[in-house]
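Asks: Can you keep this structure in mind? I'll have questions shortly.
Only the coordinates and a few stated rules stand behind these numbers; no lab work does. Since the structure is predicted, the reported quantities are computational estimates derived from the model, not experimental observations. In this analysis, Cβ positions are derived from the backbone assuming ideal geometry, glycine residues included, and neighbour counts consider all displayed protein chains.
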């Protein structure tokens, strides 16, 4: 399978994502330039972390108007798999592919540390290979990761099964103390209603080798590979 990693001016996790896909998961990977309109036949589009366009106006607000995003939006609406990590999550929200908003961390400080994630569902392209019941130790690095939405819309996310990851303790308890940024319901990652678009604030591409403090991020990338392997098997 083939991953396309979008590079915006200010992206700084695009090479991390490329290395995770190409060298750890052993899948094909290409960079997609923000001024291009071609997705180069990719199976998965990944919007990486960083500070696209310097985070002017709002995080992700200008990147949403890049030529590549018109193609990403069309790809996603046609059922294509898209994952936005950190700033990429912010771009997906600004693009209207995911609901809600990402605001300044409640403590008004940039957070850079490892956190624990609990997968709230395992029947998604992004979590199918995650060990059931096991938390994932994944780093965060953001100042605007505080997920917000109207209470009625938060309830819709819950009922629709769109909350994919929550911040938790190492033992999997979703507690206020495990929440690093004030996100409602400890939300760390959500999907769209169709389940083919994921936005998450933590950085799985930075947790691919034990020497980095954790290799739990590989489960998310392995989930994507397993998803496409299953699709190919069903197609005969």
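Asks: Among 31, 221, 126, which one moves the most in a GNM of the chain with springs linking Cα atoms closer than 10 Å?
Replies: In the Gaussian network model the winner is 31.
Asks: Starting from the exponent 0.38 and prefactor 2.2 Å, build the expected Rg for segment 2-235 from its residue count and divide its actual Cα Rg by it.
Replies: This ratio for segment 2-235 stands at 0.92.
Asks: Continuing with the same structure: Grab the Cα-Cα distance for residue 134 and residue 193, subtract it from 0.36 nm times how many residues apart they are, and report the gain in nm with one decimal.
Replies: 18.8 nm
Asks: Translational diffusion coefficient of segment 1-90 at 37 °C, 0.692 mPa s, Stokes-Einstein with Kirkwood Rh over Cα pairs, in µm²/s as a whole number.
Replies: The Stokes-Einstein estimate is 257 µm²/s.
Asks: To continue, here is another question. Per residue, what volume in Å³ does the Cα convex hull of segment 146-236 take up?
Replies: Given the Cα convex hull of segment 146-236, per-residue volume reads 121 Å³.
Asks: Next question, about the same structure. Starting from 0.36 nm per residue, how many nanometres of slack lie between residue 77 and residue 30 once their C-alpha separation is accounted for?
Replies: So the chain would gain 14.8 nm between residue 77 and residue 30.
Asks: Share of antiparallel DSSP beta bridges in segment 2-235, in percent to the nearest 5?
Replies: 55 percent
Asks: As a footprinting exposure proxy, order 200, 1 by other Cβ within 10 Å, with the fewest listed first.
Replies: The order, fewest Cβ neighbours first, is 1, 200.
Asks: Show that you can apply the helix-only estimate: for the chain, add -39,500 (n - 2.57) for every DSSP H stretch of four or more residues, divide by all residues, and state [θ] at 222 nm to the nearest 500.
Replies: The per-residue figure over the chain is -6500 deg cm²/dmol.
Asks: Okay, next question. Quick one: work out Rg over Rh on the C-alpha atoms of segment 26-73, Rh as Kirkwood radius.
Replies: Result: Rg/Rh = 0.99.
Asks: Also, quick follow-up: Name the shape class, rounded, prolate or oblate, that the alpha-carbon gyration tensor gives for segment 97-190, where a ≥ b ≥ c are the square roots of its eigenvalues, rounded holds for a/c under 1.5, and otherwise prolate holds if a/b is larger than b/c and oblate otherwise.
Replies: Oblate, since a/c reaches 1.5 and b/c is not below a/b.
Asks: Still on this structure: Subtracting the Cα-Cα distance from 0.36 nm times the residue separation, let me have the gained length for residue 152 to residue 233 in nm, one decimal.
Replies: Going from the current span to full extension adds 25.2 nm.
Asks: Could you compute the FRET efficiency for residue 22 and residue 110, with r as their C-beta to C-beta distance and R0 at 41 Å, rounded to 0.05?
Replies: Between residue 22 and residue 110 the formula returns 0.90.
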